[in-house]
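This structure is in structure tokens; I'll ask about it shortly.
Every number in this text was worked out from the coordinates using simple rules, so none of it is lab data. Please read these numbers as outputs of a predicted model, since none were measured by experiment. Positions of Cβ are backbone-derived with ideal geometry, glycine not excepted, and every protein chain shown enters the neighbour counts.
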Amino acid sequence: MAQGAQLSIRQRAARVLPGGTFGNVSGDLVIVRGSGSRVWDDEGREYIDYLIGSGPMLIGHAHPEVTSAVRSQLEAGTTFFASNPEGIALAEAIIDAVPVAEKVRFTSTGSEADAFAMRLARAHTGRPKILKFEGGYHGYSDYALMSLAPKTSGNSPRPIPDSAGIPDTVRDTILVAPFNDAGAVESLLKEYRSEIAAVFLEPMQRLIPPQPGFLAALRELTREHDVLLVFDEVVTGFRLGMGGAQEYYGVVPDLCTLGKVIGGGFPLAAIAGREDIMAAFDSDQAGTGRFVPQVGTLSGNPVAAVAGLATLDVLSRPGTFGRLFDTGRRLMTALEDILAANGVEGRVVGEPPLFDVVFTKGTVSNHRDMLAGNTAMLKRFNALLGENGVLKADSKIYVSTAISDDDITRTIAAMDVAISRLARDCVAGLLP
Ligand SMILES: Cc1ncc(COP(=O)(O)O)c(C=O)c1O
């Protein structure tokens, strides 16, 4: 311990953490505090924050209403395993807002929610396979880590596992199609009709919005083939609007998963969906062959539930999403203008609450198009923004409602500096 005290925080991290990190972002970034739109690192540098905890802090850090709700709950006890009024109220709020939600089950993480949703789909249909999309992220289960980030073309629809340690038998249960290609989905549904339980997707895949008609085509095809449609709304839920992507794009799935925003910065996620499907979680089904046991020590945790409820309450106020979208639009437009003014080839991809630049000439409508993006340029762009006081994820700019007009002005100035520097580096041959 005494020895640990003399080491820098990064040296201490390197001693106790594989790779010196929690596995999320580079261990070079150590954040010690957040408030509103800002975070501070361990060396006192202040950043306008577009990482926002990888999404949950949509209304900003340490929001006074969230903090106050959490403080009161701390006094009343922090976890019970049993049902609690706060978790029940959060389920009610989700059902009020999310079109498909007739029943809700809580988990602690989005990964768990996705793994349970896949199992639920299999249990409901009695079929073994899930059809997902190349580049789609559904957490870290063996089933989900299939063709998330393949660098080369696989033998589609056979997926490429993204991790060591996944049994080959799991690979056989997943089929992969290109995002935004309803024709490919139709062919697979015809070919594997009796084996597919669900078409499982992020309705906005990472940054890539669905092309007009794509989600509606999936809705029609899945109905026609009696296959479930599952939206992973861990990112889009309560971010594209109170009703998430299903409301924003106007296509209602059979099940969805939620996370990030609904926990208000605490570990909480959920599966929500049609009552007849969700009934498999009911222990009355035990012994019928349809029961899907679903238990978690911290599921529906009351501290997380009050943080989520306070967050949803703030978001539900009139004008909140209008302002969020306006902020995002201003940033997206400015970034496009800056790229054009500097002659840097790049596409601003996404929706106003979540977007980024992909340094490519082409349009971006699936994972292959993303792979065409120049990653060295993106890395340099991120680093230059960081040097100029703007923090973002490796390949995402998450907008929060805490971003002020002044933050927008400063962010655009930082983007200007970063892109003009990139342009000079390209001319000087310093970037590939
Ligand atoms: C679309 C999507 N699904 C699932 C997850 C997994 O959620 P968690 O990190 O809470 O396990 C994430 C996390 O980023 C996500 O972006």
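For region 379-432, compute the orientation-averaged projected area of the C-alpha convex hull (one quarter of its surface), in nm². Before the final figure, lay out each step's value.
Values: hull surface 15.2 nm².
Answer in nm², one decimal: 3.8.
What order, most packed first, do the peptides 248-260, 6-18 have when packing is the mean number of other Cβ atoms within 10 Å of each residue?
Values: 248-260: 23.7, 6-18: 11.8.
Averaged packing, sorted descending, gives the order 248-260, 6-18.
How big is the gap, in Å, between the Cα center of region 74-127 and the Cα center of region 1-63?
29
Using only Cα atoms, what Kirkwood radius does region 238-312 have, in angstroms?
Working: mean 1/r = 0.0719 Å⁻¹.
For region 238-312, inverting the mean 1/r across all distinct Cα pairs yields 13.9 Å.
At q = 0.12 Å⁻¹, what log₁₀ I(q)/I(0) does a Debye calculation on the Cα points of region 339-432 give, no solvent, two decimals?
Log-scaled intensity ratios, in q order: -0.37.
Assuming 0.36 nm per residue, please report the length gained on full extension of the stretch Asp406 to Thr169 beyond their Cα-Cα distance.
Values: separation 237, 0.36 × 237 = 85.32 nm, distance 5.34 nm.
This chain segment gains 80.0 nm when fully extended.
DSSP beta bridges in the chain, what fraction antiparallel, as a percent rounded to 5?
Restricted to the chain, the bridges split so that about 60 percent are antiparallel.
How high is the relative contact order of the chain? Use alpha-carbon pairs under 8 Å, at least six apart in sequence, and give a whole percent. Before the final figure, lay out each step's value.
Values: 802 pairs, mean separation 89.6, N = 432.
Relative CO of the chain lands at 21 percent.
Using only Cα atoms, figure out Rg for region 77-315 and give it as a multiple of 2.2 N^0.38 Å. Please report the intermediate quantities before stating the final value.
Numbers: Rg = 17.1 Å, N = 239, 2.2 N^0.38 = 17.6 Å.
So region 77-315 has a normalised radius of gyration of 0.97.
Give the whole-number value, in cubic angstrom per residue, of the convex hull volume spanned by the C-alpha atoms of the chain.
On the way: hull volume 70.0 nm³, N = 432.
Looking at the chain, the number lands at 162 Å³ per residue.
Given contacts defined as C-alpha pairs under 8 Å and at least six residues apart, what's the relative contact order of region 77-315, whole-number percent? All intermediate terms of the calculation are to be shown ahead of the outcome.
Values: 483 pairs, mean separation 71.1, N = 239.
Relative contact order for region 77-315 comes out at 30 percent.
Here's another thing I want to ask about it. To one decimal place, what orientation-averaged projected area in nm² is obtained for the convex hull of the Cα set of region 20-124? All intermediate terms of the calculation are to be shown ahead of the outcome.
Details: hull surface 39.1 nm².
Mean projected area for region 20-124: 9.8 nm², to one decimal.
Also: Rounded to whole Å and ordered largest first, report the semi-axes of the equivalent ellipsoid of region 181-235 derived from its Cα gyration tensor (root of 5λ). If you can, show how the numbers build up before the last one.
Numbers: eigenvalues 76, 30, 17 Å².
Each semi-axis is √(5λ); the values are 20, 12, 9 Å.
Counting only DSSP beta bridges with both residues in region 77-315, what percent are antiparallel, rounded to the nearest 5?
In region 77-315, approximately 40 percent of DSSP beta bridges are antiparallel ones.
Another question, if that's okay. For Lys396, which sequence-distant residues (separation of 5 or more, or a different chain) have an amide H within less than 5 Å of its own amide H, given hydrogens modelled in the peptide plane?
Hits under the 5 Å cutoff: none.
Next up: Computed over the Cα atoms of region 51-208, what is the convex hull's projected area averaged over all directions, in nm²? Show your work: numbers first, answer last.
Details: hull surface 48.5 nm².
Hull-based average projected area comes out at 12.1 nm².
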